Amino acid sequence: MRGKQASPEARTLKDFIAFIIAELKPRGKIFTPFNIISAPILALGIILIIYRLINGLGSVVAEAPGFPWGIWIGFNVMVGVAFAGGAYVLTFVVYILRSEKYHPIIRATILNGFLAYVFYAGAILLDLGRWWNIVNPLIGNKFGVNSVLFLVAWHFLLYMIAEFLEFSPAFAEWLGLRRIRKILRSFTLAAVIFGITLSTLHQSGLGALVMMARPNIHPLWYTEFIPVLFFVSGIFGGLSMVIFEGTISSRVFGYQLTNDFRRSYDDIVLGLAKTCAAVMFVYLFLKALVLIHGAHLSLIASPMGYWYLTEVVGLTLIPCILYLRGFRDRNIKVIRIAAVLTMAGIIINRCNYVFIAYKWYVPLSERYIPSWQEVVMALTIVFAHIWVFRWIAHRMAVYRKPPAWAVEQDRREEKKTLEVAL
Amino acid sequence: MDRRKFLKSLGIGMAGMTCGGILGQGRLHAQGLVEGKEFLSILIDTTRCIGCRSCELACAQTYDLPIPNIEDNSVFEKERRTTETQWTIVNRYKTDKGTVYAVKRCMHCNQPACVSACLVKAMKKRQVGPVTWDDNCMGCKMCAFSCPFDKAILEAHSPSPRIRKCFLCWDKRLVKGEIPACVEACPTEALVFGTRRDLLEDARTRLYRQPDRYVHQIYGETEVGGTSVMYLSAVPFEQLGFRTDLGTTALPELSTGFLYAVPIIFVLWPAFLLGVHRATKEKEEE
């Protein structure tokens, strides 16, 4: 941690460059089990990504006529965005409802959300046949305003900017830019409000994306409430991710946790578990309503019906109950199990809409089954996210307390606004 | 700008718009193909199809696709689907009334899901009916994902893939005032070309005149809001590999509800959030 002292207040450009170079060097042990597993996959994945971008989709993607989207959309994009939902939910709780309880985890969650968007929305690029045209909907090489995807694309971009603004004070602290931090800090509320609005719309928008494919989606999954279901499941999916991520981070970054954080951590997890259980209850209620209203009960007794039950009962209802029990007994372990099950449920749910319950009538031999290259590339995206997250969390005030000058700055600003208000 | 100038430019503008409209369709109109602004369609009578695959050949020749060997009857052993190099496909079906051939291709929906799905308007429903593709496409494949007929196909093995499907010969023949190649090539008039309105009349006439020859349905009349390629058959359409569970709602209508909600949420949500933010602040100060 020596490098940190040498840092900020870079007076000259030379100092600044020296600081950045010092920060770029890896910290901590290099040969950890995680690194040993992830590094080769990352290396192979990057080669495959370049290969695919040059040679086209068919060079790596499993051939399955009639299944245009695979795990990059189903897992990376759809699931990645659902798991990133924790960021806007927590900014709502912390900045809008002003609950101080969750303040210690807000930066980690925002950073996680921001990187999730960068990498998982970025995974769209992998799946674009003509990826160099990705700027077209942004620069107006025809604005397809009737398209849900147009809306989602713009929202991704704007939300990334909003989340970057929310996290940017930490960047400014790292670089020791006091005046800039003050300016960036003043954007936070606007970015939060804008971000929550965008999230509401594109979390549900991802659901609306599949709505035109009604004839292609199994009736147990298809309902006109798909956008609402995506929105609600994004809330508990995102919060489960926060719990899961916290479990790992509290070990990896334990050295920089403040005592306050350690003391309040269990309460935070219990609070999240309670929220998850409540939201999941709402979700299950909606699911039941849709099932009965659609008169699809008879479809339950079929292979797809059992698969539906696996998702809804096994990976939503059961974790919901586990969350409740974990909360009641103050049992963090049970809550962690619930978080993992919930996340599995979200993964299955999103993949169902994209390629499992999609064209369910096609026999298994003609169905989409991801190629090994696709899996490696999907994992590459995940690992790249984790590596960048780790790099930032080791260097910036994500878990640790911000530097004293930053705390002082916030206090002064708060006092000023109070005086104005009075 | 004075009044004279204003009137002058208005006059020129209006003249331009009117003439543009006339000239735009003039090329087709001159050949007597289009009356007004109606969708051009193909009516396919499967009772007349002999499975000669001349349409496949004509299609391939028109668009420089690999030339199929139409002498080879082994292709009928499996139900084929259209591919990036075969945009029109004749399949053979064993039915209640013996062997029936049916040609499959893009249906050119009246309100296509693929066009609604496209975020760069690369897929386009032309004023005279064909659904065409342009190269500002990103290759996101949402058109393929949304198509109820599996007909929008992105080339898999190309570094610069295009959406390949039947374009109703829009760019190669329609703009020159010629009818689609497959229709011209059909030796039995199983395929006929015309405006959708005329062809529907024609189809109904056949149904009434020969009620025993056909099932009393025109596939494509109402499916997903109506399509520009329509079929007649002697046997129920399921037996010819058609989906009969598509419903009559135009698929783009399924996501309009969501799109309408967007501006409402965009206006109300920030106001609500700001309100909550303010409300909690006052509580703190007390």
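Restricted to the range B:85-112, and to residues there that are open to solvent by 50 Å² or more (accessible area, probe 1.4 Å) and within 17 Å of the chain's Cα centre (by Cα), the residue that is farthest from A:Glu63 (Cα to Cα) is B:Gln111. Considering the range B:225-273 alone, what residues qualify as being of a type in the set (Ser, Thr, Tyr) and either under 19 Å from A:Ile196 (Cα atoms) or surrounded by fewer than 20 Cβ atoms within 10 Å (Cβ to Cβ) (or both)? Passing the criteria: B:Thr244, B:Thr248, B:Thr249, B:Thr256, B:Tyr260.
Just one of (1) open to solvent by less than 50 Å² (accessible area, probe 1.4 Å); (2) part of a helix (DSSP H, G or I); (3) of a type outside the set (Asp, Glu); (4) more than 30 Å from A:Phe164 (Cβ to Cβ) fails for A:Arg350. It is (4). Put simply, of B:Asp96, B:Asp72 the only residue that is touching a helix residue (DSSP H, G or I) at 6+ places or on another chain (Cβ under 9 Å) and at pLDDT below 95 is B:Asp96. Filtered by the rule that a residue be within 12 Å of chain B (Cβ to nearest Cβ), within 29 Å of B:His277 (Cα to Cα) and in contact with a Lys or Arg (Cβ under 9 Å, 6 or more places away or on another chain), the range A:80-133 gives A:Val93, A:Val94, A:Arg98. Can you tell me which residues in the range A:180-205 are of a type in the set (Lys, Arg) and either buried (at least 21 other Cβ atoms within 10 Å of the Cβ) or at pLDDT 95 or above (or both)? Result: A:Arg181, single match. You will find that of B:Ser160, B:Ser146, the residue that is polar (S, T, N, Q), out of contact with any Pro (no Cβ under 6 Å at 6 or more places or on another chain) and open to solvent by less than 10 Å² (accessible area, probe 1.4 Å) is B:Ser146 and no other. In this structure, is B:Ala279 at pLDDT below 95, within 12 Å of chain A (Cβ to nearest Cβ) and open to solvent by 40 Å² or more (accessible area, probe 1.4 Å)? Yes; evaluated as a whole, the condition is true for this residue.
In the range B:153-165, which residue that is part of a loop (DSSP other than H, G, I, E, B) and more than 8 Å from chain A (Cβ to nearest Cβ) is nearest to B:Val224 (Cα to Cα)?
If we filter the range B:153-165 for residues that are part of a loop (DSSP other than H, G, I, E, B), which is where we start, we get B:155-162, B:165.
With the extra rule that they be more than 8 Å from chain A (Cβ to nearest Cβ), the set shrinks to B:162, B:165.
Working: B:Arg162: 25, B:Lys165: 19 Å.
Only one residue fits best here, namely B:Lys165.
Out of A:Pro227, A:Pro215, A:Pro219, one residue alone is at negative phi and in contact (Cβ under 8 Å) with a residue 40 or more places away in the chain. It is A:Pro219. Restricting attention to the range B:146-173, the residues being over 15 Å from the mean Cα position of the chain (by Cα), under 30 Å from B:Thr249 (Cβ atoms) and of a type in the set (A, V, I, L, M, F, W, C) number 1. When you look at B:Glu184, is it part of a helix (DSSP H, G or I), open to solvent by 10 Å² or more (accessible area, probe 1.4 Å) and closer than 19 Å to B:Gln61 by Cα, yes or no? Answer is yes for this residue.
Summed over the range A:51-90, residues that are assigned to a helix (DSSP H, G or I), in contact (Cβ under 8 Å) with a residue 40 or more places away in the chain and open to solvent by 30 Å² or more (accessible area, probe 1.4 Å) total 3.
Among the helices (runs of 4 or more DSSP H) confined wholly to the range A:99-185, which include 2 or more residues that are in contact (Cβ under 8 Å) with a residue 24 or more places away in the chain and within 30 Å of A:Ser264 (Cβ to Cβ)? Reasoning before the result, please.
Numbers: elements: A:106-116, A:124-127, A:136-139, A:148-175.
The helices (runs of 4 or more DSSP H) meeting that bar are A:106-116, A:148-175.
Residues that are more than 9 Å from chain A (Cβ to nearest Cβ) and out of contact with any Ser or Thr (no Cβ under 7 Å at 6 or more places or on another chain) were ranked within the range B:124-137; the one that is surrounded by the fewest Cβ atoms within 10 Å (Cβ to Cβ) is B:Gln127. Only one entry of B:Lys151, B:Lys141 meets the criterion of being surrounded by 17 or more Cβ atoms within 10 Å (Cβ to Cβ) and at positive phi, and that entry is B:Lys141.
Scanning the range A:236-249 for residues that are more than 20 Å from the chain's Cα centre (by Cα) and either touching a residue at least 24 places away in the same chain (Cβ under 8 Å) or open to solvent by less than 30 Å² (accessible area, probe 1.4 Å) (or both) turns up nothing.
A single entry from A:Ala393, A:Ala404, A:Ala397, A:Ala384 fulfils the requirement of being open to solvent by 60 Å² or more (accessible area, probe 1.4 Å) and either among the aliphatic types (A, V, I, L, M) or touching a Phe, Trp or Tyr at 6+ places or on another chain (Cβ under 6 Å) (or both): A:Ala404.
Identify, from the list B:Tyr208, B:Tyr231, B:Tyr260, the residue that is in contact with a strand residue (DSSP E or B) (Cβ under 6 Å, 6 or more places away or on another chain) and not aliphatic (A, V, I, L, M).
Details: B:Tyr208 fails: in contact with a strand residue (DSSP E or B) (Cβ under 6 Å, 6 or more places away or on another chain); B:Tyr260 fails: in contact with a strand residue (DSSP E or B) (Cβ under 6 Å, 6 or more places away or on another chain).
Going through B:Tyr208, B:Tyr231, B:Tyr260 in turn, just one is in contact with a strand residue (DSSP E or B) (Cβ under 6 Å, 6 or more places away or on another chain) and not aliphatic (A, V, I, L, M): B:Tyr231.
The residue list B:Val267, B:Val215 contains one member that is β-branched (Val, Ile, Thr), modelled with pLDDT under 95 and out of contact with any Phe, Trp or Tyr (no Cβ under 6 Å at 6 or more places or on another chain), which is B:Val267.
The values are calculated or read from the model by the stated rules, or taken from the named source; none is laboratory data. None of the values given here were measured: they were computed from a predicted structure. Cβ: placed from backbone, ideal geometry, glycine included. Neighbour counts: every protein chain shown. Accessible surface areas use protein heavy atoms only, side chains included; no ligands, DNA or RNA. Shrake-Rupley method; radii C 1.70, N 1.55, O 1.52, S 1.80 Å.
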